[in-house]
Amino acid sequence: MQATVSVSSLSPPPRLWALDRLKVALTFMVIAHHVGQAYGNTGGFWNYENPERWPYLGFFFWVNSSFFMGLFFFISAYFVPGSYERKGGASFLKDKALRFGVPLIIFVLLVNPFLMYVSYINFRGGTLPFLTYYTRIYFGMAPKPAGFIGPIWPDINFGHLWFVEHLLVYAFIYAVWRLVRRCPATPAKVQSGAEAPSDLAILGYAVVLTLVTLLVRTWYPIDDWVFALGFIMSEPAHLPQYLSLFVLGTLAMSRGWLQAIPKARGLRWLWIGIGAIIAGGLVRYHLVTLPQAARGIFMVAAECFIATGLIVGLCTLFRERFNTTTPFWQVLGTDAYGAYLVHVPIVVALQYGTGGMPVGPLPKFLLVTSLGIPLSFFVSHRLRKIPRVDRVL
C-alpha cells in the first residue's frame, strides 16, 4: 500500500510551464473564435454582423467549442487547491472576489452596455439615445418595443465573462466544501507513487459524459443560454463538461495526474481526439450518411471524445515538448487572463474598422485575428502596469 501525505507536508511539485503555454495557446484560440463569430455561421449572438459569411468556419467553431472552454476550466481548477492551501479560506475567497468579481462588475455595468448599444443601433433597428437604452432596454426597465429584434430580453448579460462568473461560483463552492470537510490539506499521493487514470477510466469518463450530455440536450440545445438561479449565465448543453472538468482539474493537482500520465497513453488519446474530429467532419458534411437520430447521437459522442482526447493529449504533448519557459513566454502567461478579459471590445472595434474593406469574410477573419491577438495582449500588459490593477489582472 502506498503512503499518502498532505499537500502542505510535501515540497511543491515542479512548476508545469506546459500549462502556462497551453493557457496562452487557448487564449489565442478564444480570440480567434470570437473574431470568427462575425464571419461564420455560429448560430449565436455577436455584436458585429458581417453581411457575408464563410460557411466552413462553422466546423472551426464546432471543434473549438467541443473542448477549449472545458480545458480552460480544467487548467483553472488545477491551481485552485494549491491557492487555497497557501492563502487559507478567507484570503482565497477575497482573492477570487477581486480577480473575478471586479471585472464582472466593470464589464456588465460599463463595457457591455456600449457593445450592446452599437449592435442595437447598427443591426437591430434601434433609435433610442444611449441613456434611454441603458435604462429601458439594457436593464429591462420598460416593456419590449414592438418589432424589437435582439437577444434574450433584457440585453444585460455577462458576455464572454460568463466563464469568469462560473469560476467565481465554483471557487466559492470549493471553499465551502473544504470548510465542511474540515480537512487542513488536500490528500495527495507522494509524487513518485502517483497513479494516472487508466485508459479504461478515461474511456469511462468519455462515455458517461456523452450519456449525460445527450440527456441534457433533450431539453437544452447548443447556444440556448439561461440564467441559473436568476444570475448565473449558463449554456446547459456544455455544462456537464465544464462542471466535471473543473472537478477533475482539482483532483489532477492533488493526485499528480499530469505528471504521472505516461507519454504513450496521453498521445494515444490525442490521436483519439483527432480521430473524433475527422469522424465528426465526415458526418457533418454528409460524406458519411447516418439516419437523423443516429447522426445527432454520433455528433454528441464525437464532441465528448474530442474533449476527452484533446484535453488528455494536449496536456501530455505540452508537458513532453513545451515544459520550458523564457521571459517572453512568462510575460504572455502573465498577461493571458487580462487578454481574455479585454479582447472582445478590441475585436469588435477592429470588426467595425475593417467592415468596409472590399474583401470576403475569410480575409477579414484572418486580418482581425492577426491584429486582435497581439493588441489584446498588449492592452493587458499595459493595464497591468497601472498600480493595483495587476491585483485583478
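The values are calculated or read from the model by the stated rules, or taken from the named source; none is laboratory data. Only a predicted model underlies this, so the values are computations on that prediction, with no experimental measurement involved. Positions of Cβ are generated from backbone atoms using ideal geometry, with glycine treated the same way; all protein chains shown enter the neighbour counts.
Only one of these is of a type in the set (A, V, I, L, M), touching a residue at least 24 places away in the same chain (Cβ under 8 Å) and within 30 Å of TYR56 (Cβ to Cβ): LEU367, LEU371, LEU362. Name it.
Numbers: LEU367 fails: touching a residue at least 24 places away in the same chain (Cβ under 8 Å); LEU371 fails: touching a residue at least 24 places away in the same chain (Cβ under 8 Å).
After applying the criteria, what remains is LEU362.
Pick out the one residue from LEU98, LEU93, LEU57 that is surrounded by fewer than 18 Cβ atoms within 10 Å (Cβ to Cβ) and either more than 28 Å from GLY296 (Cα to Cα) or in contact with a Gly (Cβ under 6 Å, 6 or more places away or on another chain) (or both).
Working: LEU93 fails: surrounded by fewer than 18 Cβ atoms within 10 Å (Cβ to Cβ); LEU57 fails: surrounded by fewer than 18 Cβ atoms within 10 Å (Cβ to Cβ).
So the residue among LEU98, LEU93, LEU57 that is surrounded by fewer than 18 Cβ atoms within 10 Å (Cβ to Cβ) and either more than 28 Å from GLY296 (Cα to Cα) or in contact with a Gly (Cβ under 6 Å, 6 or more places away or on another chain) (or both) is LEU98.
State all residues of the range 64-96 that are without any contact (Cβ under 8 Å) to a residue 12 or more places away in the chain and not polar (S, T, N, Q); if no residue qualifies, say none.
Of the range 64-96, the ones without any contact (Cβ under 8 Å) to a residue 12 or more places away in the chain are 86-88, 90-91, 94.
ARG86, LYS87, GLY88, ALA90, LYS94, listed by residue number.
Filter the range 217-243 down to the residues that are of a type in the set (A, V, I, L, M) and over 17 Å from PHE67 (Cβ atoms), then identify the one that is surrounded by the most Cβ atoms within 10 Å (Cβ to Cβ).
If we filter the range 217-243 for residues that are of a type in the set (A, V, I, L, M), which is where we start, we get 222, 226, 228-229, 232-233, 237, 239, 243.
Okay, now just the ones that are also over 17 Å from PHE67 (Cβ atoms), so 226, 228-229, 232-233.
Values: VAL226: 14, ALA228: 12, LEU229: 8, ILE232: 14, MET233: 18.
Out of the qualifying residues, it is MET233.
Just give me the residues in the range 371-392 being within 18 Å of the chain's Cα centre (by Cα) and more than 9 Å from ALA339 (Cβ to Cβ), in sequence order.
Passing the criteria: only GLY372.
Could you check how many residues of the range 1-49 are among the aromatic types (Phe, Trp, Tyr) and either more than 25 Å from VAL348 (Cα to Cα) or modelled with pLDDT under 75 (or both)? Steps first, please.
Keep residues of the range 1-49 that are among the aromatic types (Phe, Trp, Tyr), which gives 17, 28, 39, 45-46, 48.
Next, only the ones that are either more than 25 Å from VAL348 (Cα to Cα) or modelled with pLDDT under 75 (or both) stay: 17.
Residues meeting the conditions: 1.
Does the range 101-118 contain any residue that is more than 16 Å from VAL344 (Cβ to Cβ), surrounded by 15 or more Cβ atoms within 10 Å (Cβ to Cβ), touching a helix residue (DSSP H, G or I) at 6+ places or on another chain (Cβ under 7 Å) and of a type in the set (Phe, Trp, Tyr)?
No, the range 101-118 has no match at all.
I'm told GLY256 meets every condition in (1) in contact (Cβ under 8 Å) with a residue 24 or more places away in the chain; (2) surrounded by fewer than 18 Cβ atoms within 10 Å (Cβ to Cβ); (3) of a type in the set (Gly, Ala, Ser); (4) on the phi > 0 side of the Ramachandran plot except one. Can you identify the failing condition by its number?
It is condition (2) that GLY256 fails.
Return the residues of the range 371-390 that are in contact with a Gly (Cβ under 7 Å, 6 or more places away or on another chain) and among the charged types (D, E, K, R); say none if nothing qualifies.
ARG384
Would the range 100-110 turn up any residue that is without any contact (Cβ under 8 Å) to a residue 24 or more places away in the chain and outside any helix (DSSP H, G or I)?
Initial filter on the range 100-110 (without any contact (Cβ under 8 Å) to a residue 24 or more places away in the chain): 105-106, 109-110.
Then keep just the ones that are outside any helix (DSSP H, G or I); that gives none.
No, the range 100-110 contains no residue that is without any contact (Cβ under 8 Å) to a residue 24 or more places away in the chain and outside any helix (DSSP H, G or I).
Within the range 327-359, how many residues are over 18 Å from GLN37 (Cα atoms), aromatic (Phe, Trp, Tyr) and surrounded by 15 or more Cβ atoms within 10 Å (Cβ to Cβ)?
2
Given the conditions (1) touching a residue at least 60 places away in the same chain (Cβ under 8 Å); (2) within 23 Å of the chain's Cα centre (by Cα), and given that PRO236 satisfies all but one, which numbered condition is not satisfied?
(1)
Out of the range 14-33, which residues are over 10 Å from PHE72 (Cα atoms) and of a type in the set (D, E, K, R)?
ARG15, ASP20, ARG21
Can you find, within the range 170-188, the residue that is farthest from GLY89 (Cα to Cα) among those that are at pLDDT below 90 and exposed (fewer than 12 other Cβ atoms within 10 Å of the Cβ)?
The extreme case among them is PRO187.
Can you find a residue that is closer than 26 Å to ILE156 by Cβ and either among the aromatic types (Phe, Trp, Tyr) or not in a helix (DSSP H, G or I) (or both) anywhere in the range 73-82? Step through it out loud before you land on a result.
Taking the range 73-82 first, the residues closer than 26 Å to ILE156 by Cβ are 73, 76.
Now narrow it down to the ones that are either among the aromatic types (Phe, Trp, Tyr) or not in a helix (DSSP H, G or I) (or both): 73.
Yes; the residues of the range 73-82 include at least one that is closer than 26 Å to ILE156 by Cβ and either among the aromatic types (Phe, Trp, Tyr) or not in a helix (DSSP H, G or I) (or both).
Kindly list, by first and then second residue, each pair from a residue in the range 195-208 that is surrounded by 15 or more Cβ atoms within 10 Å (Cβ to Cβ) to a residue that is in a helix (DSSP H, G or I) and among the hydrophobic types (A, V, I, L, M, F, W, C), limited to pairs with Cβ atoms under 7 Å and residues at least 6 apart or on different chains.
Matching pairs, first to second residue: ALA196/TRP257; ALA196/ALA260; PRO197/TRP257; ILE202/TRP269; ILE202/VAL312; ALA206/CYS304; ALA206/PHE305.
Rundown of residues vs (1) outside any helix (DSSP H, G or I); (2) within 20 Å of the chain's Cα centre (by Cα); (3) in contact (Cβ under 8 Å) with a residue 60 or more places away in the chain, yes/no style:
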{"residue": "GLY275", "(1), (2), (3)": "no, no, no"}
{"residue": "THR289", "(1), (2), (3)": "yes, no, no"}
{"residue": "ALA294", "(1), (2), (3)": "no, no, no"}
{"residue": "ILE297", "(1), (2), (3)": "no, no, yes"}
{"residue": "PHE305", "(1), (2), (3)": "no, yes, yes"}
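Here are some residues: MET253, MET233. Which one is of a type in the set (A, V, I, L, M) and part of a helix (DSSP H, G or I)?
Numbers: MET233 fails: part of a helix (DSSP H, G or I).
So the residue among MET253, MET233 that is of a type in the set (A, V, I, L, M) and part of a helix (DSSP H, G or I) is MET253.
Every residue in the range 102-133 that is closer than 16 Å to TYR352 by Cα and of a type in the set (Val, Ile, Thr), please.
VAL118, ILE121
For the subset of the range 60-80 comprising residues that are closer than 21 Å to LEU258 by Cα and under 9 Å from the mean Cα position of the chain (by Cα), which member is surrounded by the fewest Cβ atoms within 10 Å (Cβ to Cβ)?
For the range 60-80, the residue satisfying everything is PHE68.
Among VAL247, VAL283, which is part of a helix (DSSP H, G or I) and in contact (Cβ under 8 Å) with a residue 40 or more places away in the chain?
Values: VAL283 fails: in contact (Cβ under 8 Å) with a residue 40 or more places away in the chain.
Only one candidate passes the filter, namely VAL247.
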